[in-house]
Amino acid sequence: MEGEVILLTGPPLNGRDEYLSEALEKASGESYAYYHVFEYLREVGKERGVKITRKNVLDFAINHQDLMNEIRDEAFERIRKEIDGSDRKFHLVSTPSLFRWGSGSVIGFTLSNLKLLKPDRVIIVLDDVLSVRRRIINDPEWFERFGNDPDNIKLTTLVMWREDAINHVKTLVHELKKEGVNVRYVLQFGIRHPPEVFLDLIFREKEKPLVYLSYPMTGHEEEYYHRVRGFYDKLSEHFTVLDPGALDDWWVVAEYDNQVAKNPDVRRIRIKHLLDGNEVDELEREDIEQATEILRRQLVERDFNLVDVSRAIAVYHYAEGVSAGVISEMAEAYRTLAAIYLYYPFKRRPSPFMEFYGMQNPSRRTMFRDEDEMIRAMVDEKDYWAKV
């Protein structure tokens, strides 16, 4: 039986393995096999008289690149052999993408590894940079690498880790496609998505097609976000819903803007974690400014990536003011042939651009004032969506 191969990858310390473990605990009854590449590296290394551990793998890979390449290649060959002999429907292969440290780098996979693996989909698992920073501080082995000093953990470093990891994937997938290996999509997936959404993504994509949820994300009251979350939950009953808020770095920048506006001379920015207001991070102003230049681009590219892989977008515009981000996402959806559904419950007419894009669902040129009616229309019309 030929099953689907899904590569799960991303930058280091983004919580990939922990998230996958939590999600897959809920996957009872699903036909899948899980291959953690690090375990295969340890097994092959042991057979060659090399002890590979979580603590030494980084230094070993940088200082003994040729031997590490041989071990990694053998690990992928063993995984491919197990996949070929398996009767499972889904094969999940997890490994980091690319990680630069000092003057060296650790490569999670090469083009030849991917040609052997032949992934049908690639999912880049990501966490917000402040959570990655917290993860380093709370990990004694990693914190020691940064001199046990939080000030040494720069946001600029963490966003570059992400940049390198994503670019490595994009480059190799581009080369794979030139060689005739069809990767259906590369998806940047934030780990703040509920585990159930990840399971829908992996196992139930045909029954619950991908839909991107677009909504104005900043400057609203708590009640607004409760409404968005309620709509997300209702939509998720029928679709695999991708939420841009599941990877949110921009609130760090917003808090920086607020504090600089109050005190233009401030040098250190105190930021409460979005999900845990009891903990406060203190960051250098210059570091946030440098990281912001990269984060701006990453935010736009990530949201467009989610739109591009989705068959439809659901715009939940429970705000009268025009959102440049939402309009841009609707335009991108229109460009990529995704169906567009707009919930806009106000009597005042929206901008002509929003109105134009919001009338691109398959059977009716209409916007919706009732969110449940919009969800019903999406369910009824999903078989007629142009994007496959």
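Nothing in this text is a laboratory measurement; each read-out follows from the coordinates by a stated rule. Because the structure is a prediction, the values reported are computed rather than measured. Glycine also receives a Cβ, built like all others from the backbone with ideal geometry; neighbour counts cover every protein chain displayed.
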Q: State the volume of the convex hull built on the alpha-carbon positions of the range 4-200, expressed per residue in Å³ and rounded to an integer.
A: 124
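Based on the Cβ-Cβ distance from L116 to K347, what FRET efficiency comes out when R0 is 45 Å, to the nearest 0.05?
Taking R0 as 45 Å, the efficiency between L116 and K347 is 0.15.
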Q: Please find the FRET efficiency linking E175 to F146, where r is the Cβ-Cβ separation and R0 is fixed at 41 Å, and quote it to the nearest 0.05.
A: 0.75
**Q.** Stokes-Einstein diffusion coefficient of the range 154-227, Kirkwood radius over Cα pairs, 4 °C, 1.567 mPa s, in µm²/s
**A.** 82
(Q) If I stretch the segment between T218 and A331 completely, what's the gain in nm (0.36 nm per residue apart, minus their alpha carbon distance), one decimal? (A) 38.7 nm
Q: May I ask you to give the average projected area over all directions of the convex hull of the Cα atoms of the range 163-296, in nm² rounded to one decimal?
A: 10.6
Q: Would you mind calculating the gained length between D17 and R365 on full extension (0.36 nm times residue separation, minus the Cα-Cα distance), in nm to one decimal?
A: 120.9 nm
(Q) Using the Cα centre of the chain as the reference point, and only Cβ charges (+1 on K/R, -1 on D/E), how large is the resulting charge dipole? Debye, rounded to the nearest 20. (A) 800
**Q.** Extension gain (nm, one decimal) between D84 and R297, 0.36 nm per residue minus Cα-Cα
**A.** 72.7 nm
Q: Quick one: among A338, A291, A312, which has the greatest mean-square fluctuation in a GNM of the chain with alpha-carbon springs under 10 angstrom?
A: A291
Q: Would you compute the Debye intensity of the range 235-380 from its alpha-carbon atoms alone, equal scatterers and no solvent, and pass along log10 I(q)/I(0) at q = 0.13, 0.17 Å⁻¹ to two decimals?
A: -0.71, -0.99
Q: Place a label point 7 angstrom from the Cα of D380 along the Cα-to-Cβ direction, then list the residues of the range 298-336 whose backbone nitrogen is under 19 Å away.
A: 312-315
**Q.** Distance between modelled label sites at N182 and K26, nm, 7 Å Cα→Cβ extension
**A.** 3.2
Q: Kindly provide the helix-only [θ] at 222 nm of the chain, computed as the sum of -39,500 (n - 2.57) over DSSP H runs of four or more divided by all residues, to the nearest 500 deg cm²/dmol?
A: -15000 deg cm²/dmol
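To the nearest µm²/s, what D does Stokes-Einstein give for the chain at 37 °C and 0.692 mPa s, using the Kirkwood radius over alpha carbon pairs as Rh?
The calculation lands on 146 µm²/s.
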